[in-house]
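Asks: After the structure tokens below, expect a handful of questions from me.
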Amino acid sequence: MKTNVLVGMWLVLVVLAGCTVAQFPVDESGPAADEEGMGSAALESNLSEGCIGAFDPDVDYFPDKVGPEYAGGWSVTYHGHYKVLTLHNPWRGAEEKFQYLLVQCGAPVPEGYGEIPTIEVPVRSVAALTSTVLPHLHGLGVLERLVAVDRFDYINTMAVREMIDAGELHEAGTGTGVNTEILIDVDPELIITFAYGNLDYDTHPKLIEAGLPVALTAGYMESSPLGRTEWLKVTALFFNQEKRAEAEFGGIATRYAAMAELAAGVETRPTVLVGIARRESWRVPGGNSYFARYIADAGGAYVWGDDESTGSIPLSMENVFEVASDADIWLANTGSWSSAGDILAADERYGSLAAVERGSVYSNNAKVNEWGGNDYWETGVANPDLVLADLIQIFHPDLLPEHEMIWFQQLE
């Protein structure tokens, strides 16, 4: 076992020292008229600044291309001077797809795409009404184009907080309470938000009604950590930053794989319970959910690992206690608990859980700002390799003895 650990640690160090970038096939299908003659001239890289001066229909304006390998909720096709982005599953139970026509600035808008929203790229100004894309903008080197966010209090990304403190950003709100007047005044070329498929909560219908340029992001619908993070590439499409996104994500995926390989050889896997009860209802992650994948890749045995659902499973507190009372580790993942005392104060029945008796209760709230914004849901989503390292540290601390947990903490 010791030899395997040393080999695994060596592998992680090698990966951290230099990452390879995988190249993925991209669907180049499109209207025949757009493919005829394409490729007789070529650019060295995508134009990430400004517009083209003179349009040439024979030029491929997007030599740098991306496509999903882990994500299943989006796809993109390239057609010389424009790209078509398709969101296949924008929210749970969605019966419609969303498409966006991304046209190189300075090139003509192609015909035959009906009412699909058209956005000129590269986008020069953006409003992010979800904090999950803020690490994307930072990693892609386009953060200076950010002009508005949803709520200042939610944000943890240091570079964005500095922009807030400098008075460089506007606060537009979210949901049905979004302030469209602020966004109209700021006039961003793109607004990125997400949706639940519920008119009582969604932001995009009000933005569309106001005639604002909006695009949805739906990384939260993915069933794997890397699938969620791969939505970095979707953000990159709007800025023609495919090459940078490929390199950024390629490094993350390689490091994640090294971490997972390190944990794959463990001899024993601790059993793991997740979540807390809220009003007697305990929603646990499905066995095919992204968090169940985290647990498996970190060398844990998820109590509901045999379940086949990708969403959450609503259970009664009694059901959970019946199945998971002997679980070795409890990942409570609540922002309101900071100590063991908080556990029993919430409900004395928790005291009968084996993990509570052993002091093996953890939560993903180690990085919460003074206003309650949890960085796990921001930079944590963008760095699944480091989240995985946190979980490995909890399940098998001997594998990563030098790692200090970032988002998880033990409730002592």
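The values are calculated or read from the model by the stated rules, or taken from the named source; none is laboratory data. The structure displayed is predicted, hence computed values, not measured ones. Note that we place each Cβ from the backbone using ideal geometry, even for glycine, and neighbour counts take in every protein chain shown. Surface accessibility is based on the protein's heavy atoms, side chains included, excluding ligands, DNA and RNA. Shrake-Rupley method; radii C 1.70, N 1.55, O 1.52, S 1.80 Å.
Asks: Are there any pairs with C-beta distances below 7 angstrom linking a residue in segment 397-408 that is in contact (Cβ under 8 Å) with a residue 60 or more places away in the chain to a residue that is among the β-branched types (Val, Ile, Thr), with the two at least 6 apart or on different chains, and if so which?
Replies: Between residues of segment 397-408 that are in contact (Cβ under 8 Å) with a residue 60 or more places away in the chain and residues that are among the β-branched types (Val, Ile, Thr), the close pairs are Asp398/Val5; Leu399/Val5; Leu399/Ile392; Leu400/Ile392; Phe408/Ile394.
Asks: Working only within segment 61-92, note down all residues that are closer than 25 Å to Ile252 by Cα, open to solvent by less than 10 Å² (accessible area, probe 1.4 Å) and outside any strand (DSSP E or B).
Replies: Across segment 61-92, the qualifying residues are Phe62, Val66, Gly67, Gly73, Pro90.
Asks: Still on this structure: Please find, among Ala355, Ala340, Ala346, Ala332, the residue that is out of contact with any strand residue (DSSP E or B) (no Cβ under 8 Å at 6 or more places or on another chain) and either open to solvent by less than 10 Å² (accessible area, probe 1.4 Å) or over 21 Å from Ala298 (Cα atoms) (or both).
Replies: Ala346
Asks: Do we find a residue being among the charged types (D, E, K, R) and free of Cβ contacts under 8 Å to residues at least 24 places away in the same chain anywhere in segment 231-247?
Replies: Checked segment 231-247: no residue is among the charged types (D, E, K, R) and free of Cβ contacts under 8 Å to residues at least 24 places away in the same chain.
Asks: Do any residues in segment 151-166 that are modelled with pLDDT under 95 have Cβ atoms under 7 Å from those of residues that are part of a helix (DSSP H, G or I), where the two are at least six apart or on different chains, and which pairs are they?
Replies: Within 7 Å, the pairs are Tyr154/Ser131.
Asks: Is there a residue in segment 281-288 that is surrounded by fewer than 18 Cβ atoms within 10 Å (Cβ to Cβ), more than 23 Å from Pro384 (Cα to Cα) and either at pLDDT below 95 or not assigned by the TED database to the domain that holds Asp398 (or both)?
Replies: yes
Asks: With surrounded by fewer than 23 Cβ atoms within 10 Å (Cβ to Cβ), in contact with a Cys (Cβ under 6 Å, 6 or more places away or on another chain) and of a type in the set (Gly, Ala, Ser) as the only criterion, which of Gly275, Gly251 stands out?
Replies: Just one listed residue meets the conditions, Gly251.
Asks: Could you grab me the full set of residues in segment 336-375 that are of a type in the set (S, T, N, Q), farther than 30 Å from Val133 by Cβ and at pLDDT 95 or above?
Replies: Ser352, Ser360
Asks: I've got another one for you. Can you tell me how many residues within segment 319-329 are open to solvent by 50 Å² or more (accessible area, probe 1.4 Å) and assigned to a loop (DSSP other than H, G, I, E, B)?
Replies: Residues that pass the stated criteria total 2.
Asks: Based on this model, can you work out whether Pro270 counts as closer than 14 Å to Ile392 by Cα, assigned by the TED database to the domain that holds Ala354 and open to solvent by 10 Å² or more (accessible area, probe 1.4 Å)?
Replies: In short, yes.
Asks: Name the residue that is most open to solvent (accessible area, probe 1.4 Å), counting only residues in segment 93-118 that are at pLDDT below 95 and either in contact with a His (Cβ under 8 Å, 6 or more places away or on another chain) or under 17 Å from Met221 (Cα atoms) (or both).
Replies: Residue satisfying both the conditions and the ranking: Glu95.
Asks: Please go through (1) open to solvent by 20 Å² or more (accessible area, probe 1.4 Å); (2) within 22 Å of Tyr70 (Cα to Cα); (3) in the same structural domain as Leu388 (by the TED database) for Pro314 and return the number of the only condition it doesn't satisfy.
Replies: The failed condition is (2).
Asks: Also, I was wondering about something else. Do you know which residues across segment 369-403 are surrounded by fewer than 18 Cβ atoms within 10 Å (Cβ to Cβ), over 16 Å from the mean Cα position of the chain (by Cα) and within 24 Å of Val160 (Cβ to Cβ)?
Replies: Asn369, Glu370, Trp371, Gly372 - these are the residues of segment 369-403 that are surrounded by fewer than 18 Cβ atoms within 10 Å (Cβ to Cβ), over 16 Å from the mean Cα position of the chain (by Cα) and within 24 Å of Val160 (Cβ to Cβ).
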